[in-house]
Amino acid sequence: MPTSIPSHSPIKNSLWKILLSLLFIIYALNSVSNAKSRDREEAYYYFLLSQIVAKNATEMEFYLKKALEKEKKSIFLKKTLLNIYLHLQNYTQAEKLAKDLKPLALEDREVTLLIARLYLAQNKLDKASQILERFLEKNPKEETILSLLISIYLQQKKWDLALERLNSLSQLYPEEVAFEVFRARIYREKGDFSKAKEFYLRSLETSPNNRALLVEVLRFLENIKDYDSIEKILLRHLSANPEDEEILRLLFGFYFDQGNWEKSEQLLRGYLEKHRDHPEILFYLALTLEHKGNYQEAIRIYDTIPEDSPWYLEAQKRVFNHYKKKNPDKARDIVYRIKGKRNLGKGYYLFLLHSYEDLDLCEEGITLGDEALKAFANDPDIILAVALNYACIEDYEKVLGLVEPLLEKLPDDAYVLNFVGYSLVELNRDLPRAEKLLIRADQLKPNDPYILDSIGWLYFRMGNLEQARFYLEKAVSLLNEEEAVILWHLGDVYKALGDTKKACEFYQRALKAVIHHRERARILEKLKLCP
C-alpha cells in the first residue's frame, strides 16, 4: 500500500498558498449563508485537508472524495483525484473518473495527458494515441502532447505513421523547429542514421543556442561514431561563443577521449592567452602535457595552481603519483607540505591517508587517522582509508573493528565486503562467512583484481589449491601494475602445488614491486627457499 506522496502532488504547496487558502475559507464562512455556498466551503475545506493533513496518497484520496461529494461537478477536484488514482494504480476508479472527464479532453490539455497516462499504464497504446491525436487536431502546436504521441508511435514501431503526422503538421507550421527534432528521433529509432543526422543537424542550425538539443545531437553523433561532425559542431559553437567555458570543456573532453593531445594543448593554450589566471584550464593543460610525456612542464604548471583553488589538491595528487615510485623523497615532501595546512577537509584527509600507505608511512597514517576520525567519525571513506593503514601494519583485528560496523549501513558496498572478508581470511576466522562476503563483493564488482586476490587467498587458506590458483591467476592478469601481495599469494599457491620454479618466479616479481618493509622482509624470507 503506497505510503509516500507522489512528487507531482499538490501537498507540497508553499506556506503562503496554505495561508491564502485558510484566509479564503475564513472569508467564505463569514460572508455566505446559502446551502450551495456551504457545500462549496466544505469542498474547499476537504480539499485543504488533502493538501495539509493527509500523510499519504490514500488519505488524500479520502479527503478528495469527501470534497467531490460537496462539489460533484468540480473539474479541478476530479483531475486531482484522477492523478491520485494513477499514483495508487487504482485503474478501476480512474476509468470511472476518466469517463466523466473525457468530453473535456479536446479542450483541456491536462485532462488529455491524465487520460493518456491512464491508458499507457494499462498498456492500451492505441487508446492513448487516439486521445492524443484528437487533441492535436485542434491544438497542432502543443509540443508536450506531440512528444508523447511520437513516443507511443516509436514504442509501437509505427515509423511511417509518426512521419506522416509530422509532415502534415509541418505543412501547416513550416517554421516550427520542434518538428525537425522529432523527425530526427524517429529516423534514429528506425535505424536510418543518415536521415537522423540530416534532421538533427538541420534542427541545430535553426536553434544553435538550445543546449539540451546540442547535448542530444552530440550523444547521437557519438553513438554513430561520427567524430568529425562532433568536432565541427563544437568548434563552430566555440567560435560563436569564445567565452563559453561549457563548450570549451566539452571540446577538451572530446580531444581527451580521442587522445588528440596536440589539439587539446593548442585549444587550452589559446584560451589561457586571454585568461591567464584560470586554475581549471591550467590543470587540464598540465594533464594534457602529462599524457604527451612532457612531465617536467606538466609538474611546473601543476605547481602554479594556487592553494585556495579547488583544483590545487587534484594537481598535487597528479604530482604525487608521478613521484611516489620514481622519487619517494619528493613525494614525501608533498605529503608533509599538505599535512601542514590548517583546517583539512575530507578530500585532504583521504589524500594524506592513502599517501601515507603508498609511501610505507603507515604508523604516521594511523596517527593522522585518529585526527581524521574525530573530524569525520561516521564517514565510510575516511574509515576505509584509516583501515588501509592498519592493514599495512597487519593489524587485522583493528581493521575488522573499524570496517565491520559499516556492513550494516553499506551491505552492498564491494569494498566494505572485501575489507571484512579479507580481514577474516588473514585472521583465519569464520572462513565460510568470509567466502559469502567475498563472493558477494565479486558479484557487485566483477573482475576487480583485489577482490579476486581475496577470494584466491581464502581458497588457499581453505586448502582448495586449484580454486586458489584460478582466482589468483585471474587477479594477476587484470592488474594495471604489479602488486607485491597478489604476486606472492600466487607464488605460495604454486609452492603448495609443488611447482617451486613457478613459485620463485612470482616471488621475484613480488620483490621488484614491493613497497612496504614488512612485505619485503616476508618475500626475502620466501626467496631463501629458491635455488
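Here are some notes:
- GLU180 meets all of the listed conditions (1) among the acidic types (Asp, Glu); (2) crowded, with 17+ Cβ neighbours inside 10 Å; (3) modelled with pLDDT under 75 but one, namely (3).
- Which numbered condition TRP159 misses (of (1) within 21 Å of ARG185 (Cα to Cα); (2) free of Cβ contacts under 8 Å to residues at least 24 places away in the same chain): (2)
- Filtered by the rule that a residue be hydroxyl-bearing (Ser, Thr, Tyr) and within 18 Å of LYS158 (Cα to Cα), the range 125-145 gives a lone residue, SER129.
- Helices (runs of 4 or more DSSP H) (entirely within the range 171-252) containing at least 2 residues that are under 24 Å from GLU265 (Cβ atoms): 211-223, 227-240
- Verdict on ILE305 being more than 26 Å from the chain's Cα centre (by Cα) and either closer than 30 Å to ALA196 by Cβ or buried (at least 18 other Cβ atoms within 10 Å of the Cβ) (or both): yes
- ALA468 falls short of the stated requirement of being in a helix (DSSP H, G or I) and farther than 24 Å from ASP442 by Cβ.
- CYS530 satisfies every condition listed in (1) surrounded by fewer than 16 Cβ atoms within 10 Å (Cβ to Cβ); (2) in contact with a helix residue (DSSP H, G or I) (Cβ under 8 Å, 6 or more places away or on another chain); (3) not in a loop (DSSP other than H, G, I, E, B) except (3).
- Helices (runs of 4 or more DSSP H) wholly inside the range 363-449 that include at least 1 residues being under 29 Å from ARG342 (Cα atoms), over 26 Å from the mean Cα position of the chain (by Cα) and among the hydroxyl-bearing types (Ser, Thr, Tyr): 380-392
- For the range 479-525, the candidate set comprises residues that are in contact (Cβ under 8 Å) with a residue 60 or more places away in the chain and not basic (Lys, Arg); within that set, the residue that is surrounded by the most Cβ atoms within 10 Å (Cβ to Cβ) is HIS516.
- Under the condition of being more than 18 Å from LYS66 (Cα to Cα) and in contact (Cβ under 8 Å) with a residue 40 or more places away in the chain, the residues counted in the range 76-102 number 1.
The values are calculated or read from the model by the stated rules, or taken from the named source; none is laboratory data. Just so it is clear, the structure is predicted and the values come from calculations on it, not from any experiment. Positions of Cβ are generated from backbone atoms using ideal geometry, with glycine treated the same way; all protein chains shown enter the neighbour counts.
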